[in-house]
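Working notes, structure below.
The values are calculated or read from the model by the stated rules, or taken from the named source; none is laboratory data. In this text the structure is predicted, and so the values were computed from the model without any measurement. Neighbour counts run over all protein chains shown; Cβ positions are idealised from the backbone, glycine included. Each accessible area value is taken on the protein alone, full model and side chains, heavy atoms only, with ligands, DNA and RNA left out. Shrake-Rupley method; radii C 1.70, N 1.55, O 1.52, S 1.80 Å.
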Amino acid sequence: MRKCNSCGIQINEEANFCPACGSSDFTEIIDSAEEANVQQVQTAEEPVQEDKGNGNIVAGFFGALLFSLLGGLLYFAIYQIGFIAGICGLVIFLLAGFGYRLFAKTKNKNSIACLVISIIVMIVVIFLSECFCASYELYKALNAEGFDITLAEAIEVTPEFLETPELSEAFVSDLAFAYIFGFVACIGNIISIVKARKQQQ
């Protein structure tokens, strides 16, 4: 069917002129069922565009850092409860990846930039979290013994105390657990990236 553009009435396909107004200016009318079929065909023909980019790497870095710091706070909280905080290594890596994708505005879970930045941020945040935990323990211990020091002063003298073999062994052991858990998450991510690249080839 067609529609007259002048008066709007429907006209048969065979007609050359509008029987109401005599106009020859027509528009084809597609019924709703035909239109739905056309749209389905168009949708099926359009390839699904997969997000393969790295997004905004600088913004992604800040997102990874910000979210991994939340993991660092969790690390500190679990440490205070008395549990091994190493499990947070995995959480910090996952939060770094989430923060990167959120701030970089990419949904690509196989981004190499995301992986590299998440690993770097994870390593740094785990180390800083463990240092802060050690400083806080030192702060509590020294104040309990009658030394009136601030947390900032405890952070400043922590490296000297960590030269003691017993303290350094405990420090390194906690770090090792956290890094092991973190790198377990990294391996899973690396495997998925390798698989995705093989499929592309």
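State which stretch of the chain is the longest one without any exposed GluC sites (Glu not before Pro), exposure meaning a DSSP loop state and at most 11 other Cβ atoms within 10 Å.
51-144
Quick one: if you stick a label point 7 Å off each Cα along the C-beta vector at Leu66 and Glu145, how many nm between them?
In this crude spin-label approximation the distance works out to 4.2 nm.
Can you report the principal axis dimensions of region 46-173 using only the alpha carbons, biggest first, rounded to whole angstrom?
Taking the Cα atoms of region 46-173, the three principal extents are 73, 24, 24 Å.
Note down the net charge around Ala59, summing +1 for each Lys or Arg and -1 for each Asp or Glu among other residues with Cβ under 12 Å from its Cβ. Intermediate values should be presented prior to the final figure.
Numbers: positive: Arg101, Lys105; negative: none.
Every neighbour counted, the sum reads +2.
Taking the Cα centre of region 75-201 as origin and charging only Cβ (+1 Lys, Arg; -1 Asp, Glu), how large is the dipole, in debye to the nearest 20?
Computed charge dipole of region 75-201: roughly 1660 debye.
Find how much the distance from Lys107 to Arg197 grows on full extension, using 0.36 nm per residue of separation minus their present alpha carbon separation; answer in nm with one decimal. Show your work: numbers first, answer last.
Details: separation 90, 0.36 × 90 = 32.40 nm, distance 1.63 nm.
Using 0.36 nm per residue and subtracting the Cα-Cα distance, I get 30.8 nm.
Quick one: how many lysine pairs does the chain have with C-alpha atoms less than 28 Å apart and a gap of 8 or more or different chains? Give me the count, please.
Within the chain, the lysine pair count is 11.
Send over a whole-number figure in Å² for the accessible area per residue of region 145-201, probe 1.4 Å. Walk me through the intermediate numbers first.
Details: 4200 Å² over 57 residues.
Computed with neighbouring chains in place, this is 74 Å² per residue.
Which helices of the chain meet both criteria: a Cα extent of 24 Å or more along the helical axis and a mean Kyte-Doolittle score no lower than 0.0, with helices taken as whole DSSP H segments?
Numbers: long enough: 57-81 (36 Å, 1.94); 112-144 (48 Å, 1.87); 165-200 (51 Å, 0.72).
Long hydrophobic helices here: 57-81, 112-144, 165-200.
Cα centroids of region 133-168 and region 74-123: how far apart, whole angstrom?
27 Å
For a quick check: with amide H placed at 1.01 Å from N, whose amide H comes under 5 Å from Ile11's, ignoring anything fewer than 5 positions away on the same chain?
Correct list: Arg2, Lys3, Cys4.
How high is the relative contact order of the chain? Use alpha-carbon pairs under 8 Å, at least six apart in sequence, and give a whole percent.
Details: 253 pairs, mean separation 41.6, N = 201.
Across the chain, relative contact order equals 21 percent.
Add -39500 (n - 2.57) for each DSSP H run of 4 or more in the chain, then divide by its residues: what number comes out at 222 nm, to the nearest 500 deg cm²/dmol? Please report the intermediate quantities before stating the final value.
Working: 6 runs with 136 residues, N = 201.
Estimated from H runs of four or more residues: -23500 deg cm²/dmol.
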